[in-house]
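In what follows, a structure is listed as structure tokens, so that the remarks can point back to it.
What follows draws every value from the coordinates through simple rules; no lab data is involved. Since we're looking at a predicted model, the values are computed, not measured. For neighbour counting, all protein chains shown are included, and Cβ atoms are generated from backbone atoms with ideal geometry for every residue, glycine included.
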Amino acid sequence: MSIRYFFIVVIFFALFGDWIANEKPFYCKYNGINYFPVWESPMVKLGLKKWPADFQNGNWQDLNFEKQIKTLIPYSPETIDRKNLGLKGPFDHQQINSLHDRHWMGTDRIGRDVLSGWIRGFRMALSVGFLSVLMAGITGIFFGGIAGFYGNDRLKLSLFKAIFLVGWIIGLFFWISQGLATHWQNKFIIYWQCIWLMLGVIGYYIPSRSFSIALPVDWTINLMVQAIDAIPSLFFLLAFLPLIKNPGIIDVIILIACVRWTGIARLVRAEFLRIRDLEYIQSAKLLGIHSFTICWKHILPNALGSLWITFAYSFAGAILLEAYLGYLGIGMPPGTISWGSQMQQVRESPSAWWLAVFPGLAIFLFLFSLQKMGEKMESTRFKI
Amino acid sequence: MMLTYLIKRISTLLLSLWLISVCLFFLQRYVAGDIVMSQNKARTNGTFYLHPLEAEKVYRAEAQRLNLQMPPFYFSLKASLFPDTFYQIQYPEAVRIQQELLLQTGNWSLVQSYFNTLTTFYENVKRINQPAQSVFWKKKLQEMAFLSDLSIIQSAMVVPAEMSTPFTEDYRKLTVIVKKMVVSKPSFFDWIPVMHWYGLNNQYHAWFENILAGDFGTSARDGRLVTDKLKEAIPWTLWVNGLAIFFAYFFSLPLGILMAVIPHKSWTSWVNNILLALYALPAFWVASLLLYQATLPSYGFSFFSISAWTYLQQNGGFSEQPVRFLLQVSLPVFCMTYGLAAYLTSYIQSSFSKVLGEPYIIYARTKGISGFRLYFKHVLPNALLPQIVFIAGIIPALVTGSVAVEVIFNMPGMGRLLIDSIHSQDWPTVYSFVLLIAVLTALGLLLSDFLLVLSDPRIRFSANKNEAV
């Protein structure tokens with residue numbers, strides 16, 4: 001029960017973090033005109049609304065408003081408070097005008113408010129966890145489902161289709177190996193793939209059951225899973241991150257998904273193997289239902305019960321990995337604000353305990369509640 | 001059945017390891033960039049720049065020295081207009097220009113003769129000393145060597161009549177070739193991908209052979225052997241991980257059994273929650289908090305010194321100063337133990353209570369076997385069986401976990417070596433390290449599978465499903 005409340009708080013912080021901690025005031029009166037800067041800033045970014053030039057490049061702290069209502073924490077995560085540079089702790093003396101301006105969690109080395117960055121961290125963690133689990137889930141269900149449903153000998157292709165597939169794959173490999181984009185290759189690849197596509201379409205209408213070949217999909221996917229599983233996830237990330245020139249958070253998310261899908265695929269494969277031999281699937285096959293419909297509507301919902309648990313654990317793992325990378329200072333662009341990158345600053349100045357305690361506490365609570373949720377799911381699953 | 005499974009399992013394992021090695025080799029090649037250039041920059045203080053017309057010879061000699069003159073892989077897949085010796089062009093700028101020209105003309109011999117003529121022309125210009133014309137042609141040819149667009153080359157060929165006088169022959173040759181190139185176009189069949197087979201004499205094969213022989217290459221940063229660096233680092237990681245595993249089992253085995261045996265009360269669920277919390281507590285957070293304490297001697301942590309690692313290493317380590325060594329190692333070991341211990345406790349608890357509910361245990365109870373004998377002779381071996389798989393998975397997990405702990409406590413183990421190498425862009429070390437970990441992990445998984453089968457007669461392999469059932 002309490003975990004549910006925690007997640008509500010997390011989602012609230014993630015969605016409305018900009019409304020709680022923002023250097024822009026909620027409402028202000030400037031040169032006789034009323035503005036709602038927090039509300040209006042996305043519109044200004046999209047070009048739907050115009051602000052005076054002072055707003056666009058000026059420091060919001062230094063503007064003289066006739067009237068204003070500040071947000072709860074009057075700092076954005078990126079705001080640099082020049083009066084409180086260089087690691088001011090929560091209990092230290094801070095150069096502030098009023099209690100409302102106080103940095104409740106202190107400031108970091110370059111004078112950014114820790115609390116507002118901490119709130120931004122919720123959004124970061126949630127989006128990293130959610131997006132990477134989403135991507136890993138889609139990939140894992142796709143490959144695991146194919147491997148489990150078809151096995152090594154059930155995905156049969158007619159000779160024409162097999163030839164078409166091989167040609168298509170050679171074309172794709174050729175294209176990738178040549179660096180994906182030069183004018184002439186593009187033209188050639190289009191010709192090439194069109195030819196094989198046409199062959200495939202012709203092959204589809206030629207009944208040739210006697211020339212059918214079984215594709216060893218299970219073996220292939222198992223090989224892939226085994227190869228990726230042999231590299232521990234952190235090492236996988238560390239090995240592949242240098243490949244990207246200026247890695248951003250989305251690259252980290254994609255790489256995390258690249259490592260995490262194998263666990264999901266294995267589970268999905270085992271579940272599909274179990275379920276495909278159940279009687280209701282056999283009868284669905286006898287009824288002539290298309291195998292995609294069988295997988296999507298009849299097997300997957302049955303397998304999903306145990307999948308949710310893995311999703312919860314994967315979510316926790318992704319958040320931990322991201323924090324870990326941020327802490328090691330690898331793979332994140334310098335300006336990124338997350339719990340991990342906040343904690344990273346402790347390595348240079350160990351006495352700034354507030355930079356370690358608060359983000360670490362958030363990571364711990366997040367991981368703990370996800371683990372707890374997973375455990376709860378595990379214990380309730382078998383009671384239903 | 002067993003043998004079929006064994007052969008199948010080992011062959012897929014070897015294949016996947018080979019795939020990983022190919023992948024890592026090309027990653028290393030790509031990430032390291034132009035090794036010849038960077039090595040020479042390091043040697044000549046950053047001023048290694050060559051003109052395409054002069055570069056090829058110098059560059060190729062350097063590449064030969066670094067063993068890069070071979071083709072990169074066993075085969076290449078390129079459009080048939082590329083010659084199979086295309087990899088021999090080494091200088092990146094020359095490769096780019098010649099490729100562009102080849103794609104426009106589709107005739108390799110023409111492109112080659114164009115560049116040869118350009119080079120001989122340039123040599124002649126350098127040899128014959130005629131002030132005005134030499135300066136003009138030198139500049140002109142240097143410009144032309146960078147051009148990759150045929151129409152621009154053509155327009156660059158138009159020169160004032162008085163300039164061509166001493167080099168009439170060269171100029172005529174060049175004009176003819178450029179005219180030919182402008183006319184020439186690749187046909188559709190030039191674009192068909194063709195596979196060239198290079199055989200075993202390639203860069204990947206040499207690299208792989210070296211690795212099989214235990215030679216991981218030299219570090220790009222300090223020129224030391226990677227093997228030596230790993231040899232220095234591995235003992236620390238092994239010590240810390242070994243101690244962590246030992247203490248984790250030392251605490252979790254009795255606790256887990258106790259938790260399984262005693263009846264469920266309200267406080268036991270609190271203990272479970274605490275265990276879960278310990279498991280969720282990120283080790284790198286605890287480590288950095290501990291380090292904050294350890295830097296202040298007034299808190300009583302004076303036994304730990306962040307700079308004592310090299311001192312210990314030089315003075316014999318554990319065998320010479322066991323107490324000092326263990327105290328120094330205690331903080332990292334603690335950070336890595338508590339999470340593992342918490343996880344193991346709940347794991348052992350659940351597997352123990354699962355075995356307790358089995359019919360044969362109930363039967364043993366009705367036969368009147370006493371508590372102690374029941375628990376340690378009948379339940380514990382069966383409850384510990386899944387741990388075989390678990391230990392195999394634990395080793396990569398611990399190495400991963402020890403990365404941050406080693407970095408925080410400044411311990412010169414494998415994790416810190418890896419992070420330092422990444423920060424100093426020492427890619428040979430990084431990728432051979434990752435390969436080593438991959439091999440160890442895969443072997444551990446394989447070993448645990450077989451140990452499980454050998455130790456538990458209930459588990460049998462089914463060869464056709466490629467898994468243990």
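Can you return the lysines within cross-link range of residue A:24? Criterion is Cα-Cα under 20 Å, with same-chain partners fewer than 8 residues away left out.
Those lysines meeting the cut-off are A:45, A:49, A:50, A:67, A:70, A:83.
As an exercise, use a Förster radius of 30 Å and the Cβ-Cβ distance of residue A:348 and residue A:250 to find the FRET efficiency, rounded to the nearest 0.05.
That pair, residue A:348 with residue A:250, gives E of 0.65.
Any idea what the dipole of the protein assembly as shown comes to, in debye rounded to 20, about its Cα centre with Lys/Arg Cβ at +1 and Asp/Glu Cβ at -1?
Its charge dipole is roughly 1560 debye.
Give the long-range amide H neighbours of residue B:75: residues separated by 5 or more places, or on another chain, with amide H under 5 Å away, using H modelled in the peptide plane at 1.01 Å from N.
Result for residue B:75 returns B:198.
Quick one: give the max-minus-min coordinate of the C-alpha atoms of region A:279-345 along each principal axis, largest first, in Å.
Taking max minus min along each principal axis of the Cα atoms, region A:279-345 gives 63, 20, 13 Å.
Against the globular-protein guess of 2.2 N^0.38 Å, express the Cα radius of gyration of region A:34-179 as a ratio, rounded to two decimals.
1.86
Return the whole-Å distance between the Cα centroid of region B:411-461 and the Cα centroid of region B:343-402.
Their Cα centres are 26 Å away from one another.
What ranking do B:406, B:54, A:279 get, fewest neighbouring Cβ atoms within 10 angstrom at the top?
Ascending Cβ contact count within 10 Å gives the list A:279, B:54, B:406.
List the residues, sorted by chain then number, that are 5 or more residues from residue A:27 or on another chain and whose placed amide H is less than 5 Å from its amide H.
A:69
For region B:353-469, restrict the atom set to alpha-carbon positions and state the Rg and Dmax in Å.
Just the Cα atoms of region B:353-469 yield Rg and Dmax of 21.1, 67 Å.
What spacing in nm lies between the two simple spin-label points modelled at residue B:330 and residue B:228, each 7 Å away from Cα in the Cβ direction?
Here the answer is 3.6 nm between the modelled labels.
Which order do the peptides A:286-292, B:233-239, B:385-391 come out in when sorted by mean C-beta neighbours inside 10 angstrom, highest first?
Output ranking for A:286-292, B:233-239, B:385-391: B:233-239, B:385-391, A:286-292.
Using +1 at the C-beta of Lys and Arg and -1 at the C-beta of Asp and Glu, which of A:363, A:313, A:333 has the Cα lying farthest in the positive direction of the dipole of region A:307-384?
A:313
So if we plug the beta-carbon distance of residue A:223 and residue B:187 into 1/(1 + (r/R0)^6) with R0 = 51 Å, what FRET efficiency do we get, rounded to 0.05?
Given R0 = 51 Å and the Cβ-Cβ separation, E is 0.85.
On average, how many beta carbons from a partner chain sit within 10 Å of the beta carbon of a residue in B:3-16?
2
Once you put a point 7 Å from the Cα of residue B:152 and another 7 Å from the Cα of residue B:362, both along the Cβ direction, what distance in nm separates them?
About 8.5 nm separates the two model spin labels.
For a Förster distance of 30 Å, can you work out the FRET efficiency between the beta-carbons of residue A:213 and residue B:200, rounded to the nearest 0.05?
The calculated FRET efficiency here is 0.45.
Any idea what % of Cα-Cα pairs in the protein assembly as shown are farther than 35 Å?
63
Apply the Kirkwood formula to chain B: the hydrodynamic radius equals the inverse of the mean of 1/r over all pairs of different alpha-carbon atoms; give it in Å with one decimal.
28.5
Once you average over the residues of B:272-285, how many Cβ atoms of partner chains fall within 10 Å of each Cβ?
Counting Cβ atoms of other protein chains within 10 Å of each residue's Cβ and averaging gives 5.
Would you tell me the mean number of C-beta atoms belonging to other protein chains that fall within 10 Å of each C-beta in A:221-230, as a whole number?
That average works out to 6.
Which distance in nm do the two modelled labels at residue B:123 and residue A:285 give, with both placed 7 Å along the Cα-to-Cβ direction?
Each label point is offset 7 Å from its Cα along the Cβ direction, giving 7.3 nm.
Given the DSSP H assignment, sum -39500 (n - 2.57) over each helix run of at least 4 residues in chain B and divide by its residue total; what's the result at 222 nm in deg cm²/dmol, nearest 500?
About -22500 deg cm²/dmol.
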